[in-house]
There are 2 protein chains.
Amino acid sequence: VSERVPPERFGLRPVAARHVRELESLLGPAAVISEPDRLEAFAGDETEKLRFLPDVAVLPASVEEVAAVLRLAARELLPVVPRAAGTGLSGGALPVCGGIVLAVDRLDRVRAIDERDLVAEAEAGVVLADLQQAVEARGLFYPPDPASRETCRIGGNLAEDSAGPRSCKYGSTRRWVLGVEAVLADGSRLVAGGRSRKDATGYNLTQLLVGSEGTLAVIVAATLRLIAKPKATLTAVLPFPTLAAAAGAVERLFVEGLDPAACELAERAALDAVARLEPLPPALAASAALLVVELDGDDGEELLARAERLDALARSLGGGEALVADDAAGQRRLWQVRRRIGEAVKSLSVYKEADTVVPRSRLVELIEAARAAAARQGLTALLYGHAGDGNLHVNLLQGELADSEWERRRDAAEEELFRAVVALGGRITGEHGIGWTQRHLLPMALSEREIALQREIKRAFDPKGILNPGKIFPG
Amino acid sequence: VSERVPPERFGLRPVAARHVRELESLLGPAAVISEPDRLEAFAGDETEKLRFLPDVAVLPASVEEVAAVLRLAARELLPVVPRAAGTGLSGGALPVCGGIVLAVDRLDRVRAIDERDLVAEAEAGVVLADLQQAVEARGLFYPPDPASRETCRIGGNLAEDSAGPRSCKYGSTRRWVLGVEAVLADGSRLVAGGRSRKDATGYNLTQLLVGSEGTLAVIVAATLRLIAKPKATLTAVLPFPTLAAAAGAVERLFVEGLDPAACELAERAALDAVARLEPLPPALAASAALLVVELDGDDGEELLARAERLDALARSLGGGEALVADDAAGQRRLWQVRRRIGEAVKSLSVYKEADTVVPRSRLVELIEAARAAAARQGLTALLYGHAGDGNLHVNLLQGELADSEWERRRDAAEEELFRAVVALGGRITGEHGIGWTQRHLLPMALSEREIALQREIKRAFDPKGILNPGKIFPG
């Protein structure tokens, strides 16, 4: 457990015993957790090894209970850290100054799946996979697919604007959010947007709240756009002799109108890491890198025709024979190589993942920059991710280095890497958010004036600064 | 010309002769217009008959010149009204308290069309049709297609989040904006987003500025996402025996996965208005309403197969034989019926257009409510529009009524209509914006607290309130 930032640093106060009693009287004692050993479960997320113990965790079961917690916190100047499943990768859910963790687990109702309006209304605590299963059982489709989809919750997806492989065709979570219901820092209720598919009524607060990392309001429910589920999918794995050839092929898929639903890249070192967990298909043994491409549509024949164009394109760029599957089991096997990389990297070494994103045409340069930055510090960089969006996860590995040496080299490599990313017209996070761990990098991406403006927006929503203090903003 | 609101009402001041001289010294005299007769061109937009004369109009030729104008205005507390092509339908560009009209006409450079990154970078003054032509010449596609596309400009498209028929598949302008460059009220420069296709770096100011109607910042350029141009399109006109049957068919197209690129509705009265301008195809003579459906894709055969499914679906819902065209000339002829409605309505009578939008499943109820609200005031309502988005333009006609009587009845009908829209889960504007003419209706759509929050956001960007005063907010 890390040392907390004193809440006074943010103009806030620690939670006292009387606050816990008041929370118990508001929500019932079962919904309020204050025993240190039970609080452990609310101390961390999936970000490195960081853990901060909150003073108390609450599990409101209704929007009104969320509002009651916020009214108390606003009156008493207590930090409130909204938490969904805790699968975040930038520390957005870490209670860095203690305070109240507000967990949305019990706001877990799918309020509606409407086949006529093609929308789902889901509360913040609904698990993404559960929602998708319910939606797909009706022949409908909600595309966002972050790696954590089996456990992550809708509230967290909105807070971080989660994305995944399919965002290269379908966009990140934000593109699917028609409306949100949220509770403001003063406990009042905000409803933005709704089931209408167009809305020009004042500022679009829906789109502002998506990606705001729990710093502007507590999202309690969302209206999500659905589409008819594509009737067919096809997966192709394309091996390439060099990483640059694989990366260079990516932009061509889009220019040629092959319209991939996913376009993922993995380099040799990532494949080798997976090979320690399970044998790879022999056809992949010799390739320096591969692309996993998914196509979807309503006509299986058309997908096969597109797969042939894909194969021809890859070969014209130096690629080897594509592995193609259009049955469910075969596709699962091909995806497995890509899906196990995260786990495989974790099993190799302590690591730090940089969520780089650049314009697609700069992918090759990004890879060169990442390797150079790592090499300069004597570190290994392992690259994979959502190449179709120009979004690569650069994993720096600790290996055998002592902690202090690792931290020094890691920070230096990361800084060099992100400077290169910005110089390539990229952004310092594509889908993980700024949260806690990237906030010191914000001045690389935004000017002083732009950061000041973002702080003013924060103040407009949360003048006392009780919501998720310490996140996004540096210093 | 209408009577202006005194700028002092907004805490601002009128433009004095010395300000005009300073503007002339900043931009050169040719870029500063202050003769009353030449100012006429900046007094109105396409909103009813409203006209307000500005004190001065400026035509900056660079971002730096925009910044210089704003610095002067901020220092001297002068109103600044950003203006693109003046094709808006809610009075967003009206200089209601005089001041400086800042026209972006000369910021008209397409900075880049990049086939590798699939983006266009266009300045605010670029005419949409010019951009689309340049993009399509390279086999690429920028979908937003407001009715004004031949003359409207990118800056206005972003300010109002313009949409059109194709938004039912492709979404409104906002879905295509990856980044914006803007000048803030204090003259400083804001760059949000860029060519990267994902971005989780702080609050998404790109999406906040889109649709903010010139009240938060002056957008000077945008980075727009492009896709490969669909290789084939097909247009079908589906006649129905009742308006309700046509409206009821709309939701089914989406549920069945027919994925229309456009789905427009027109009722008999709208067709009759068009028939006064040109003969209609005989097959449409007897229908009470029709849908114009466009399909697009890469495979003409597949479109024909989809058109057959579309025809079968329409017939199963009581529709008559579909008119189908997949050649350019034939499609143009079919679209002509829909495209001339706006002009045809104008030629009938003075009218007021209500930009209603409801969840798709409520379209039939919307139509009933619109007819009832009009009938209760003895007015004719003529309905048409973007049914695929649940977005209908309800045109109330003045006919032979005296002005004062017309205004009374129009306002009463409009209020009843919008109350019904909100009760149906709809919004008081789908794509025209709140601007000047809808601001009194905002309290129907947003709570007092929500309006107060929106005002705080405005203050965060523009603490002196110099940007487009009087717009969006009531009172």
Long-range alpha-carbon pairs in region A:153-291, meaning those over 28 Å apart, account in percent for 41
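Run the dipole for region B:108-264 about the Cα centre, Lys and Arg Cβ at +1, Asp and Glu Cβ at -1, nothing else charged, and hand back the magnitude in debye, nearest 20.
Details: 18 positive and 20 negative charges, 86 e Å.
Here the size comes out at about 420 debye.
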With the 8 Å Cα cutoff and a minimum separation of six or more residues, region B:132-208 has a relative contact order in percent of 21
With the label set 7 Å along Cα→Cβ, B:ALA312 is separated from its counterparts in the other copies, in nm and shortest first, by 3.1
Stokes-Einstein, Kirkwood over Cα pairs, region A:238-296, 25 °C, 0.890 mPa s; D in µm²/s equals 205
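Provide Rg over Rh for region B:359-415; use the alpha carbon set for both Rg and the Kirkwood Rh (inverse mean inverse pair distance). The partial results should precede the final answer.
Working: Rg = 12.0 Å, Rh = 11.8 Å.
Expressed as Rg/Rh, it is 1.02.
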Expected field for A:ASP311, accessible surface area in Å² at 1.4 Å probe radius, rounded to 10, holds 40
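More than 25 angstrom separation, counting every C-alpha pair in region B:67-212; what % is that? Don't jump to the answer; show the numbers that get you there.
Working: 2917 of 10585 pairs.
Beyond 25 Å sits 28 percent of the P(r) for region B:67-212.
Plugging the Kirkwood radius over Cα pairs into Stokes-Einstein for region B:425-474, at a temperature of 4 °C and a viscosity of 1.567 mPa s, what D comes out in µm²/s? Could you put the intermediate results ahead of the total?
Values: Rh = 11.6 Å.
Rounded to a whole number, D works out at 112 µm²/s.
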Helix-only [θ] at 222 nm, chain A, -39500 (n - 2.57) per DSSP H run of 4+, per residue, nearest 500, equals -10500 deg cm²/dmol
In Å, the Kirkwood hydrodynamic radius from C-alpha pairs for region A:45-86 sits at 11.9
Largest-first semi-axes in Å of the equivalent ellipsoid built from the Cα gyration tensor of region B:391-447 are 22, 12, 11
So the pair-distance distribution of region B:341-475, from every Cα-Cα distance in 5 Å bins, comes to percents of 2, 10, 19, 20, 19, 13, 9, 6, 2, 0
Evaluated at 37 °C and 0.692 mPa s, the Stokes-Einstein D of region A:4-148 based on the Kirkwood radius over Cα pairs, in µm²/s, stands at 200
Rounded to the nearest 10 Å², the accessible area of B:ARG51 using a 1.4 Å probe with every protein chain kept is 80
Taking r as the C-beta separation of A:ARG116 and A:ARG339 and R0 as 30 Å, the FRET efficiency to the nearest 0.05 is 0.30
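Can you divide the C-alpha Rg of region A:275-399 by 2.2 N^0.38 Å and report the result to two decimal places? Display every interim value, and only then the final one.
Values: Rg = 16.2 Å, N = 125, 2.2 N^0.38 = 13.8 Å.
Against the compact-globule rule of thumb, the ratio is 1.18.
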With +1 on the Cβ of every Lys and Arg and -1 on the Cβ of every Asp and Glu, the dipole magnitude of chain A about its Cα centre, in debye rounded to the nearest 20, is 800
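Could you size up the charge dipole of region A:268-332 around its Cα centre, putting +1 on the beta carbon of Lys and Arg and -1 on that of Asp and Glu, and report it in debye to the nearest 20? Let's see the in-between values first.
Details: 6 positive and 13 negative charges, 112 e Å.
I would put it at about 540 debye.
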A:GLU301 and B:GLN133 label points (each 7 Å along its Cα→Cβ direction) are spaced in nm at 4.0
Order by accessible surface, 1.4 Å probe, largest leading, for residues B:GLU8, A:GLU431 comes to B:GLU8, A:GLU431
Along principal axes, largest first, the alpha-carbon spread of chain A in whole Å comes out as 69, 58, 42
On the formula 1/(1 + (r/R0)^6), with r taken between the Cβ atoms of B:ALA412 and B:LYS49 and R0 of 22 Å, the FRET efficiency rounded to 0.05 is 0.65
With a Förster distance of 22 angstrom and the Cβ-Cβ distance between A:MET444 and A:GLU368, calculated FRET efficiency to the nearest 0.05 equals 0.70
For chain A, longest principal axis from Cα atoms; helix A:243-255 axis from its Cα atoms; angle between them, nearest 10 degrees, is 80
Output row for B:GLU456: copy-to-copy label distances, label 7 Å along Cα→C-beta, ascending, in nanometres, one decimal, is 1.5
In whole angstrom, the spacing between the Cα centers of region A:1-65 and region B:241-313 equals 56
With all protein chains present and a 1.4 Å probe, the order of B:LEU209, B:LEU50 from largest accessible area down is B:LEU50, B:LEU209
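Determine one quarter of the surface area of the Cα convex hull of region A:214-353, which equals its mean projected area, and express it in nm² to one decimal.
On the way: hull surface 45.3 nm².
So the mean shadow area of the Cα hull is 11.3 nm².
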Ignoring ligands and nucleic acids, A:TYR203 exposes an accessible area, probe 1.4 Å, in Å² to the nearest 10, of 10
Percent relative contact order for region A:23-100, counting Cα pairs under 8 Å at least six residues apart, stands at 37
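Rank these residues by their accessible area, most exposed first, probe 1.4 Å: B:ARG75, B:ARG195. Can you show the working numbers first?
Values: B:ARG75 125, B:ARG195 50 Å².
If we order B:ARG75, B:ARG195 from most to least accessible, we get B:ARG75, B:ARG195.
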Any lysines whose Cα falls less than 19 Å from that of A:LYS231, other than same-chain ones fewer than 8 residues away, would be A:LYS169, B:LYS169
For B:GLU150 and B:ALA312, extending 7 Å from Cα along the Cα-Cβ vector and measuring point to point gives, in nm, a value of 4.0
Expressed as a whole-number percentage, the relative contact order of chain B with C-alpha contacts under 8 angstrom and at least six residues apart is 16
homo-copy label distances at A:LYS346 (7 angstrom along Cα-Cβ), nm, one dp, ascending, are 6.2
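Rounded to two decimals, what is Rg over Rh for the protein assembly as shown when you use alpha-carbon atoms and the Kirkwood radius?
Working: Rg = 27.9 Å, Rh = 29.0 Å.
Radius of gyration over Kirkwood radius for the protein assembly as shown works out to 0.96.
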dims of region A:57-127, Cα set, principal axes, largest to smallest, nearest Å -> 45, 29, 16
Once the mean of 1/r over all distinct C-alpha pairs in region B:1-82 is inverted, the Kirkwood radius in Å reads 13.4
Working note, region A:107-174: Cα radius of gyration (Å, one decimal) and Dmax (Å, whole number) are 11.2, 30
In whole Å, largest first, the alpha carbons of region B:304-354 cover along the principal axes 42, 28, 16
Listed by chain and number, the lysines with an alpha carbon less than 29 angstrom from that of A:LYS464, same-chain partners under 8 positions apart left out, are B:LYS458, B:LYS464, B:LYS471
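The values are calculated or read from the model by the stated rules, or taken from the named source; none is laboratory data. Because the structure is predicted, anything quoted here is derived from the model rather than measured. Neighbour counts are summed over all protein chains in view; Cβ atoms, including those assigned to glycine, are modelled from backbone coordinates with ideal geometry. When the accessible area is computed, the model is the full protein with side chains, heavy atoms only, and any ligands, DNA or RNA have been set aside. Shrake-Rupley method; radii C 1.70, N 1.55, O 1.52, S 1.80 Å.
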